[in-house]
Amino acid sequence: MERVKLGCGFGSPVLMVVVLAVVLMTVVVPEVSATRWTVGAHMGWTTNVNYTIWAKDKHFYNGDWLFFVYDRNQMNVLEVNKTDYESCNSDHPLHNWTRGAGRDVVPLNVTRNYYFISGKGFCYGGMKVAVHVENPPPPPTAAPLNEKSGSPSFNLRGQYVLPAILATGALWDAFVHFW
């Protein structure tokens, strides 16, 4: 009697199904990503930068990060309340984000206003930034299909039909090889 060997080599049905599942998840699952904002862009967290202008046209969403790059021997990153932000008071920070490397990441994981300053007198020179964090916008909705125009409906069908055909073919191939 001949034994059938099932394995996980390159031609095995198990491997093919796993690869197919990964490909389909990559095609079908929408991309969700957060943004890592380098505070001050190419200038970093330093003096002589107007951080109010830097933050003005940006949308900060729940899940984003602020990345502070600075001289760790001189400056720091302190989260403070609005009153301490306005008066540059670093005596009672809500959180000290300084980790000693001069490359500190602050997660923006709550929808609210955040206020950051640099102590040691640098706040008076403009080293402070306020950001408003909001929930991400909802994903865009599909426009209603115009029945007279064949192009949009073809594109929509092609987005699902081609992966379905490929998946069916891969499953059929795995089935034929298995039996």
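Rolling a 1.4 Å probe over the heavy atoms of the protein chains gives the range 66-145 an accessible area of 57 Å² per residue.
Length gained on full extension, Arg72 to His95: 6.6 nm, using 0.36 nm per residue less the C-alpha separation.
Database remark: amide H of Asp64 closer than 5 angstrom to the amide H of Thr35, Leu108 (H placed geometrically; neighbours at sequence offset of 5 or more, or on other chains; Pro and chain starts carry no H).
Where the alpha-carbon atoms of the range 36-134 are placed on the principal axes, they occupy 31, 29, 25 Å, in descending order. Model label points for Ala142 and Arg103, set 7 angstrom from Cα along the Cα-to-Cβ axis, are 4.3 nm apart.
Placing pseudo-labels 7 Å out from each Cα toward the beta carbon at Ile53 and Asn113 gives an inter-label distance of 2.2 nm.
For Thr38, the residues whose amide H sits under 5 Å from its own are Phe67, ignoring neighbours fewer than 5 places away on the same chain, with H placed 1.01 Å from N.
Using packing as a proxy for protection, rank 72-81, 95-104 so that the peptide with the highest average count of other Cβ atoms within 10 Å comes first. Before the final figure, lay out each step's value.
Working: 72-81: 18.0, 95-104: 14.3.
Most protected by this proxy first, the peptides run 72-81, 95-104.
The values are calculated or read from the model by the stated rules, or taken from the named source; none is laboratory data. Quick caveat, the model's predicted, so the values are computed rather than measured. Please note: Cβ atoms are built from the backbone with ideal geometry, for glycine as well, and neighbour counts cover all protein chains shown. Calculation scope for accessible area: heavy atoms of the full protein, side chains included, ligands and nucleic acids excluded. Shrake-Rupley method; radii C 1.70, N 1.55, O 1.52, S 1.80 Å.
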